[in-house]
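The values are calculated or read from the model by the stated rules, or taken from the named source; none is laboratory data. Remember, predicted model here, so these are calculated numbers, not experimental data. Note that we place each Cβ from the backbone using ideal geometry, even for glycine, and neighbour counts take in every protein chain shown. Heads up: the accessible areas ignore ligands, DNA and RNA and are worked out on the full protein's heavy atoms, side chains in. Shrake-Rupley method; radii C 1.70, N 1.55, O 1.52, S 1.80 Å.
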Amino acid sequence: AELFEQISQGKYEWEATFDALSDGIFIFDQHGILRRINQVAAVFEGVEASELIGRRCCTLLQGAEGEDCRVAQVMRTGKAVTFELIPKRLSRPVLVTMSPLTNSQGRLFSLDDGSRRRSGPLNVAPGAVCVVRDLSELRAAEAVAREQRSFLIKLIEHANDAIFTVSPDGRFIWFNEQLVTLSGCSREEIFGSDYRRFIPPEDKKLAVEKFTRALEGHAQTTEMHAIRKTGEARLLLITYTPIYDEGRVTSVLAIARDITEQRLTSERAAQADKLRALGQLASGVAHNFNNILAAVLGHAQLIKRDCRDERTLERIDIIEQAALDGAQTVKRIQGFGQQQNESVDAVDLNSLVEDSTNLTRARWWDDAQARGLHYEVEVDLGPVPPVSGSASDIREVFVNIILNALDAMPQGGALRISTEATGSMVRTHFSDSGIGMSREVSGRIFEPFFTTKGAGGTGLGLAVSYSIIERHGGRIAARSNPGQGSTFTVTLPAGAAAIQVANGDETAHIHSASILVIDDDQRVREALADMLTSVGHRVEQAGSGREGLARLETDQFNLVFTDLSTPEMEGWALASEIRRRWPSVKIVLTSGFAVTPEDITENEPFVDRVIFKPICLEDINATISQLLSEPEKVLAFGSSQPRINVN
């Protein structure tokens, strides 16, 4: 009874386990008749298990049988087989494993119709077990894995960064297509080669140090230069990450990003910030200096007008010329802050190149021959559209670059100047055969006050040139190597002039007028008042905007000269108030600061003229003559700066 109970319990546990299996189990006898089947297998067939017992193998798992019965084949050969198939009824893949029946000693046994077991050596297996596993989830997972792998491969191959692995001895093991593009070499040339072949000598020590640290298990990030097959140097941001296998570093994964253009952009932005800060400082200095020059020039011209002594007149001429030269210096200083007021026109760069070479001819031809030197200047001008800008400013840049090129060739040499149009941009190249520059020097040449000429240089020439080209919406860049000369490239946007320059000077007869001069600087105010009085005008003075309005309320004036930066009320606001209350009064704005055309356009209804300090007597006469003789209002600069029609 106990033995029967144990057998019954074991049978129950075995059947429970048999039915709980996730794989379908079919057990066939030596005739291919199904003797046992679990619940999962019945689900595969879509009927109850009791309905399947006694059916032949060929009627089950349709699609498993080919020309020969595989169950019979397994029993005949005694060898297990495994294969995949898609049963017609299931329409999803399954894995089928068929094995012959054996006892615990590996001998074959059979189940007869009466379920009595007999064992012993048999030539044919007495039965077979068929295990069926649903592969749909596995195949779905494999499909997802393949998709992700394909995505990862595409991501790596089409990444903007060069991604590669390097062996401990520094050889390339694997790399993506971007490394091929970055290096300029073919895959065959890169594979198996040493990564140090692309590192310039000055950076090899750093590269080896970072790579060694990565092999020790420490991730590294650094910047270094790499040399392309063409010899071009590129700046890279490289990250080294150690790759582990069974606890030790077997290779290094590297990601290299080309940051050359990004660094150049950053340096240009930093350069622009420096120039902007310098310009803000220079703007205040220029304003005060202009006021000083206005007083000096004004009184000098008044003395010159009344003086008859020849020796005194000669000295006055020197003072006047010095004041005018000072005004030009202020004009250059204002260029740092992008505050120069220049005419904008359609500029022919080819003509400017010819002008610049002619202006410097005395240096590269006459002076060079006198010193026994020979300079060969070649000009190759291509068809280029005009650019919008100031011809004098751009000419100044070209002359400065040519003179610098001559300085870089102290024993003589060749200078080639060429122009070309590329899309919407026009480029002018200046290539010399001089001594060249190191990377450190070429990176600082556009900094204010940086010079390689010692006490003979100010360090402002290229800084001013940089500011001028930036103000024109262009770019100036230098490429050089020691002993291999330098190439400066000036790039400017093509386009027609947006502002037309007014032609001709006003020479109409000067009428006597009643004029109010408003300026907080007494020296400038008195100098201007004296100049106006000297040509027959009645003049009153005011030291602030509110004082000027009070004078206008008590007296009548034909014309008002007001400074831009007046106390208590800014010049534009003062002009607006005068225009509102006394619309017939002509208004002339004077300024030691530079004024942009945008400011003038915005305030066009309020002022009739803008004149920049220092003011010449001729400017005053021409301005007053036109304002008092013409009823219409034409807004323009005074003759000390180019006149501009903003309409």
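Restricted to the range 152-262, the set of helices (runs of 4 or more DSSP H) holding at least 2 residues that are free of Cβ contacts under 8 Å to residues at least 24 places away in the same chain and under 25 Å from residue 438 (Cα atoms) comprises 201-215.
Note on the range 148-165: among residues that are open to solvent by less than 60 Å² (accessible area, probe 1.4 Å) and of a type in the set (A, V, I, L, M, F, W, C), the one that is farthest from residue 245 (Cα to Cα) is 159. Only one entry of 63, 54 meets the criterion of being out of contact with any Gly (no Cβ under 8 Å at 6 or more places or on another chain), open to solvent by less than 60 Å² (accessible area, probe 1.4 Å), modelled with pLDDT of 80 or more and assigned to a loop (DSSP other than H, G, I, E, B), and that entry is 54. Scan the range 402-410 and give yes if some residue there is of a type in the set (Val, Ile, Thr) and either in contact with a helix residue (DSSP H, G or I) (Cβ under 8 Å, 6 or more places away or on another chain) or in contact (Cβ under 8 Å) with a residue 60 or more places away in the chain (or both), otherwise no. Yes: one or more hits. Name the residues in the range 255-276 that are in contact with a helix residue (DSSP H, G or I) (Cβ under 9 Å, 6 or more places away or on another chain), modelled with pLDDT under 80 and open to solvent by less than 70 Å² (accessible area, probe 1.4 Å), would you? Hits for the range 255-276 are 268, 271, 272, 275.
Residue-by-condition table, conditions (1) modelled with pLDDT of 90 or more; (2) assigned to a helix (DSSP H, G or I); (3) of a type in the set (A, V, I, L, M); (4) surrounded by 21 or more Cβ atoms within 10 Å (Cβ to Cβ):
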position	(1), (2), (3), (4)
553	yes, yes, no, no
565	no, no, no, no
569	no, no, yes, no
590	no, no, no, yes
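Inside the range 191-221, residues that are of a type in the set (S, T, N, Q) and open to solvent by 80 Å² or more (accessible area, probe 1.4 Å) make up a count of 1.
Which pairs have Cβ atoms under 9 Å, sit 6 or more apart or on different chains, and link a residue in the range 75-101 that is more than 20 Å from residue 32 (Cβ to Cβ) to one that is among the basic types (Lys, Arg) and in a loop (DSSP other than H, G, I, E, B)? The qualifying pairs are 86/92.
Restricting the range 479-537 to residues that are under 36 Å from the mean Cα position of the chain (by Cα), open to solvent by 70 Å² or more (accessible area, probe 1.4 Å) and modelled with pLDDT of 85 or more, the residue that is nearest to residue 570 (Cα to Cα) is 479.
One residue stands out among those in the range 34-51 that are open to solvent by less than 80 Å² (accessible area, probe 1.4 Å) and assigned to a helix (DSSP H, G or I): the one that is farthest from residue 133 (Cα to Cα), which is 49.
Rundown of residues vs (1) over 20 Å from residue 163 (Cβ atoms); (2) modelled with pLDDT of 90 or more; (3) touching a Gly at 6+ places or on another chain (Cβ under 8 Å), yes/no style:
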residue: 206; (1), (2), (3): yes, yes, no
residue: 210; (1), (2), (3): no, yes, no
residue: 219; (1), (2), (3): no, yes, no
residue: 226; (1), (2), (3): no, yes, no
residue: 231; (1), (2), (3): yes, no, no
residue: 237; (1), (2), (3): no, yes, no
residue: 240; (1), (2), (3): no, yes, no
residue: 245; (1), (2), (3): no, no, no
residue: 251; (1), (2), (3): no, yes, no
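Look at residue 252 and say whether it is aliphatic (A, V, I, L, M) and open to solvent by 20 Å² or more (accessible area, probe 1.4 Å). No; evaluated as a whole, the condition is false for this residue.
Against the conditions (1) hydrophobic (A, V, I, L, M, F, W, C); (2) over 31 Å from the mean Cα position of the chain (by Cα); (3) open to solvent by 80 Å² or more (accessible area, probe 1.4 Å), residue 145 satisfies every one except (3).
Of all the criteria given as (1) modelled with pLDDT under 85; (2) open to solvent by 20 Å² or more (accessible area, probe 1.4 Å); (3) among the hydroxyl-bearing types (Ser, Thr, Tyr), the one not satisfied by residue 110 is (2).
Scanning the range 82-106 for residues that are open to solvent by 60 Å² or more (accessible area, probe 1.4 Å), modelled with pLDDT of 55 or more and more than 24 Å from residue 53 (Cβ to Cβ) gives 82, 84, 86, 91, 92.
Can you find a residue that is crowded, with 17+ Cβ neighbours inside 10 Å, among the aromatic types (Phe, Trp, Tyr) and either at pLDDT below 85 or not in a helix (DSSP H, G or I) (or both) anywhere in the range 356-364? Within the range 356-364, not a single residue is crowded, with 17+ Cβ neighbours inside 10 Å, among the aromatic types (Phe, Trp, Tyr) and either at pLDDT below 85 or not in a helix (DSSP H, G or I) (or both). Beta carbons closer than 8 Å, at least 6 apart along the sequence or on distinct chains, pair a first residue in the range 354-383 that is closer than 19 Å to residue 433 by Cα with a second that is surrounded by 15 or more Cβ atoms within 10 Å (Cβ to Cβ) and among the hydroxyl-bearing types (Ser, Thr, Tyr) for 364/375; 365/375; 368/375; 377/357; 379/357; 379/418; 380/418; 380/419.
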